[in-house]
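Please read the structure below before turning to the comments.
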Amino acid sequence: MEAMERQIRLTVNGQEHELTIRDNTLLLWLLRDDLKLVGTREGCGTGVCGACTVLLDGRPVNSCLTLAAQAAGHHVTTIEGLATNGRLHPVQEAYIEERGFQCAFCTSGFIMMTKALLDEIPNPSEEEVREYLSENICRCAGYPDILRAVQNASRKLAARGR
Amino acid sequence: MTRTGEGRDARAVGRSVPRVDGAEKVTGRAAYVTDCVVPGMLHAALLRSPLPHARIRRIDAGRAATHPGVSAVVTGADLVQMPGLDPYFGPAFQDQAILAIDKVRFVGDPVAAVAAATREAAREAAQLIEVEYEELSAVLDVQAALRAGAPLVHERLRPSQAFADLMGIEAERQTNVCYHFKLRRGDVERAFAEAAHVFEDTYTSPAAQHAPLEPHVTVAWVTEGGLLHVTSSTQSPSYVRLSLARIFGLPLSKVRVTVPYLGGGYGAKTYDKLEPVTALLALRTRRPVKLQLTREEEFVTIHKHAVTTRIRTGVAADGRLLAREVAVYWDSGAYADIAPRVVHKSGYTAAGPYAIPNVKIDSYCVYTNRPPAGAFRGFGVPQVVWAYESQTDAIATRLGLDPVAYRRAHLLREGDLFATGTPMRSLAVIECLDAVAREIEWGSGLAGSSPPAPEVREAGVPRRVLRGKGVAVGIKAALAPSISGATVMLNADGSASVLSSTVEMGQGSDTLLAQIVAEALGVRVPDVQVVHPDTAVTPYDTITAATRSTFHMGNAVLQAAARVREQLFAIASDRLEVDPDLLRARDGRVFVAEAEDRGLTIPEVFGAAFQAAGTTLVGEAVYQTSAIPTDHETGQSERVTVMWFVGASAAEVEVDLETGQVRVLRFATAADVGRPINPHHCRQQILGSAVTSIGQTLFECLHFEGGQLTNGSFLDYMIAGYRDVPPIITPIIVERAHPEGPYGAKGVGETGALSVAAAIGNAVHAALGVRLRDLPLTPERVLQAMREREPARAARRGQVERGPG
Ligand code: FES
Ligand code: FES
């Protein structure tokens, strides 16, 4: 059951990488083990909890279900890629202000999901937030705080003209 | 929502200051054990038993040992040959072997461990180990385990000596009952004979999983100097140090347990779990070893107890509660873990916070061949509240009394004696009940709205639904005796460090402790660094659990800070030529209370005392609470705890008559927190407990078949998500300052979990006139109950089975 190896190129947080991977390497492991981007978390490994969410060409994916090979030639954004020049992204600021986290093991996933949501729907209704984030689990169950963080982030982004 | 305390801007305490761990946590930089990589690190995997109960005849690890990348394979047989090793552990009984020795006791019991270069190699090798079992007949539930002549899960038991409250526990000989708590107060039988009504019911609450998003994970290595370093996702670093020192015969100083941030605990990560086996592999291989559970393994590691409660209550014609007799059966699984404490502490509250002169409680901790059960947020109390608050509601309803008014009339008041004979102190249970009732507009409309069923249209489709409201209260006692030690260091620049073994697992303890120090020393919250547990430097702490940290560690840190302040004031009083009692500390200055401009900055005070930069003033304290052990035969104790915490919940539900689906439309939950140190964090704890408990009330449940867990993955096991949060959910802080609490605080980690299920069950009853006695309240169960009830309901339509309003 030796997996085949192959070379891939991909862009992670704006930086190009060329890596040798096994065919069955998951994007999650490429990020965490090879690139040491450990802000992306594994909660279940089966695509249910959303803790491992990253953006693939701007679209949210579960990195635990995505093969690294599928990301070849594409742009991946992780939680580490949100802050620019040491300045937090408005979504991150909003999560701090509204305390949209407790243990924060789910937080990278929720923040990436929030970013994707607001890129798609800049001013979502409460129902749209619930729907969009319904695939992410927070066992500390800080859902009401997370909702406020999303709304706060939406206002921040609007104020900055995105 | 009570917002008391948020206006006092000058203070660090009583305000919702931002979390000190915010920036780390939103950038993904907060480090968890899962992120820990040590040079040369191996990965471990476990082989687990496929059978619930079997004798191990033979293990052949030959193929695994030669599998590429494998460094070590260890089995139970190896353990007994290792000199100086005591292979058994457990906080109550040392009943669990690091790897099964001679017998396996549940499907999932670890049988062998492999350390290899990669996770995959370790897992592959584990599957190559051949084990020959002789299957034994198993006890798969409490009933089977209690039957005369039932197979024994454990033939011998050895009490652990780790905790004062568990020193005296004795197992019943030659049965599967590993602990039986008894409470006897008054004369129950006579009171039942005199009662006008007797209510007798059995309520059940299922096994459920904690499901912290971060699974259990441990990394262990041995340094050149012979120090065993273990970094682990544990809520009890001091206990783990003790346990490892005992197992491996090491001095406490040679075991160093460090704990970074935890990705959730909820009780799952209390006591030793992976630490013994990971340390064993590290000692064997002389390499760092990491063991991280898969989600599926997490499910069989620990869970919330499945409980059956038989409850019988005698009531006078005027509604007075004359007697209550409760028998509680806890399915503790194959290893006791902390179950005897659960059985004791929840057992003695099983009659509820009511004035009842005659009480008899029997609470049984029962071994079965299921995965072990242990601490879960609420520590067993939610399961007994489900029984006593459902029945209390049934009593009020049967007597035609308003459930809120009925509870108010019979709840214990300050100074009354609890069933344990303990006088009640600082108890705002009535205030909590009133607050939640008000919040859901108890007494106005809707409650008991049957019949007729109002028609609701959803997406144009009419649905027949009924709505109802329900309330419930709950009480839990803080763990006592218990101990917290802390060190506070003030630096010459006015920043400070706190050394504490309290684990930051999301509850906000870093922020809370920083607030306390900032308040005591007059420094800024962000300038206080809380050092995470490191048993090499952070003093002993009983555990981060049981709603005890704010009260115990808060007090230890407050006292340690006060000792620093004394030194600071002594130096300043010399300089300022003023009595130290007249000095105050605020905004990084020490000044005279009556003349605020006469003062010194903290750096100036240090300058007066030391001829060097960067110096420190150090204060230490150990805060210890005491208790009188409950009497072996009667469960009586004048001081069973130092602190009670109480809460109440109120729910408005809608039940779909076609599908049986219960939806919580409105939910209010109140907790008496003493005085909130960080009100927002208190509300977060209350809300988080409530939402999790709503999931456990409506759908969470572990299913077993022949001892095998059948829904042990996130694909099969539902936990509360966004859709399950009620459209209106209100956390309410009720303040009844505790005289011994730090700044009057109590604690709030579990209060929100206590009464949720019963409030929802009572609301369902108000809606349907049907009382469900088994959790979770699934649509199938609701429909079934409605079918069984239909003839009776038709006959009594419009009579007493409705709530107020
Ligand atoms: S870890 Fe990928 S969805 Fe849970
Ligand atoms: S903050 Fe703990 S799981 Fe979401």
- [ ] May I ask you to list the residues in the range B:693-710 that are in a loop (DSSP other than H, G, I, E, B) and touching a residue at least 24 places away in the same chain (Cβ under 8 Å)?
- [x] B:Phe699, B:Glu700, B:Cys701, B:Leu702, B:Gly706, B:Gly707
Open item on the list: Could you tell me how many of the residues in the range A:80-95 are closer than 14 Å to A:Ser154 by Cα and either surrounded by fewer than 20 Cβ atoms within 10 Å (Cβ to Cβ) or within 16 Å of ligand 2 (Cβ to nearest atom) (or both)?
Closed with: 5
Task: B:Val653 vs. criteria crowded, with 24+ Cβ neighbours inside 10 Å and either assigned by TED's automatic domain parsing to the domain that holds B:Glu414 or farther than 22 Å from B:Gly352 by Cα (or both) - done: yes
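Residues that are more than 22 Å from B:Leu99 (Cβ to Cβ): list the strands (runs of 3 or more DSSP E) wholly contained in the range B:165-281 that include at least 3 such residues.
Fully inside the range B:165-281 and qualifying: B:177-185, B:197-205.
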- [ ] Could you please let me know if B:Val664 is out of contact with any Ser or Thr (no Cβ under 9 Å at 6 or more places or on another chain) and either at pLDDT 95 or above or within 14 Å of chain A (Cβ to nearest Cβ) (or both)?
- [x] no
Task: Matching residues, the range B:538-595, being of a type in the set (Asp, Glu) and closer than 26 Å to B:Ala375 by Cβ - done: B:Asp541
Open item on the list: Given the condition surrounded by fewer than 19 Cβ atoms within 10 Å (Cβ to Cβ) and more than 29 Å from B:Gly744 (Cα to Cα), answer yes or no: does some residue in the range B:584-599 qualify?
Closed with: yes
Open item on the list: Any residue that is part of a helix (DSSP H, G or I) and either on the phi > 0 side of the Ramachandran plot or of a type in the set (Lys, Arg) (or both) - is there at least one of those in the range B:296-316?
Closed with: no
Open item on the list: For the range A:20-46, give me each residue that is of a type in the set (A, V, I, L, M, F, W, C), crowded, with 20+ Cβ neighbours inside 10 Å and away from ligand 2 (no atom under 16 Å from the Cβ).
Closed with: A:Ile21, A:Leu26, A:Leu27, A:Leu28, A:Leu30, A:Leu31, A:Leu37, A:Val38
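One line per residue, one yes/no per condition, for (1) within 14 Å of ligand 1 (Cβ to nearest atom); (2) within 12 Å of chain B (Cβ to nearest Cβ); (3) closer than 30 Å to B:Thr502 by Cβ:
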residue: A:Arg41; (1), (2), (3): yes, yes, yes
residue: A:Val48; (1), (2), (3): yes, yes, no
residue: A:Ala51; (1), (2), (3): yes, yes, yes
residue: A:Gly100; (1), (2), (3): no, yes, yes
residue: A:Arg130; (1), (2), (3): no, yes, no
Open item on the list: Restricting to the range B:733-753, name every residue that is more than 14 Å from every other protein chain (Cβ to nearest Cβ) and under 19 Å from B:Arg438 (Cβ atoms).
Closed with: B:Ile733, B:Val734, B:Glu735, B:Arg736, B:Thr751
Open item on the list: Considering only the range A:134-144, I want to know if a residue exists there that is within 14 Å of another protein chain (Cβ to nearest Cβ), more than 15 Å from ligand 1 (Cβ to nearest atom), more than 17 Å from the chain's Cα centre (by Cα) and surrounded by fewer than 24 Cβ atoms within 10 Å (Cβ to Cβ).
Closed with: yes
Open item on the list: Scan the range B:301-313 and tell me whether some residue there is farther than 21 Å from B:Arg773 by Cα and surrounded by fewer than 24 Cβ atoms within 10 Å (Cβ to Cβ).
Closed with: yes
Task: Filtered residue count, the range A:16-33, keeping only those that are acidic (Asp, Glu) and in a strand (DSSP E or B) - done: 2
Open item on the list: Residues that are within 14 Å of another protein chain (Cβ to nearest Cβ), at pLDDT below 95 and away from ligand 1 (no atom under 14 Å from the Cβ): does the range A:2-15 have at least one?
Closed with: yes
Open item on the list: Just to verify a result, which residue in the range B:711-723, among those that are among the small types (Gly, Ala, Ser) and in contact (Cβ under 8 Å) with a residue 60 or more places away in the chain, is nearest to the other protein chains (Cβ to nearest Cβ)?
Closed with: B:Ser713
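Each row is one residue, and each column tells you yes or no for (1) in the same structural domain as A:Tyr143 (by TED's automatic domain parsing); (2) closer than 16 Å to B:Asp35 by Cβ; (3) away from ligand 2 (no atom under 13 Å from the Cβ).
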position	(1), (2), (3)
A:Val48	no, no, yes
A:His74	no, no, yes
A:Glu97	yes, no, yes
A:Ala104	yes, yes, no
A:Thr107	yes, yes, no
A:Met113	yes, no, no
A:Ala116	yes, no, yes
TODO: Take the range A:84-98 and flag every residue that is at the interface with chain B (Cβ under 7 Å from one of its Cβ atoms), in contact (Cβ under 8 Å) with a residue 12 or more places away in the chain and within 22 Å of B:Cys682 (Cβ to Cβ).
DONE: A:Tyr95
TODO: Search the range A:131-143 for residues that are modelled with pLDDT under 95 and pair each with any residue that is within 12 Å of ligand 1 (Cβ to nearest atom) and not hydrophobic (A, V, I, L, M, F, W, C) when their beta-carbon atoms are under 8 Å apart and the residues are at least 6 apart or on different chains.
DONE: A:Glu135/A:Gly50
TODO: Answer yes or no: is there a residue in the range B:726-738 that is in contact with a Phe, Trp or Tyr (Cβ under 7 Å, 6 or more places away or on another chain), under 18 Å from B:Pro206 (Cβ atoms), in the same structural domain as B:Glu431 (by TED's automatic domain parsing) and surrounded by fewer than 22 Cβ atoms within 10 Å (Cβ to Cβ).
DONE: no
- [ ] Determine if the range B:463-484 includes at least one residue that is in a strand (DSSP E or B), modelled with pLDDT under 95, surrounded by fewer than 23 Cβ atoms within 10 Å (Cβ to Cβ) and within 14 Å of chain A (Cβ to nearest Cβ).
- [x] no
Open item on the list: Criterion first (surrounded by fewer than 22 Cβ atoms within 10 Å (Cβ to Cβ) and either within 14 Å of chain A (Cβ to nearest Cβ) or not hydroxyl-bearing (Ser, Thr, Tyr) (or both)) does B:Glu194 satisfy it?
Closed with: yes
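Scan the range B:557-580 and tell me whether some residue there is within 14 Å of chain A (Cβ to nearest Cβ) and within 30 Å of B:Ile628 (Cβ to Cβ).
The answer is no; no qualifying residue exists.
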Task: Looking only at the range A:125-155, and only at residues there that are over 17 Å from B:Gly22 (Cα atoms) and of a type in the set (D, E, K, R), the one that is nearest to ligand 2 (Cβ to nearest atom) - done: A:Arg139
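The values are calculated or read from the model by the stated rules, or taken from the named source; none is laboratory data. In this text the structure is predicted, and so the values were computed from the model without any measurement. Counting neighbours? That spans all protein chains shown, and the Cβs are built from the backbone with ideal geometry, glycine included.
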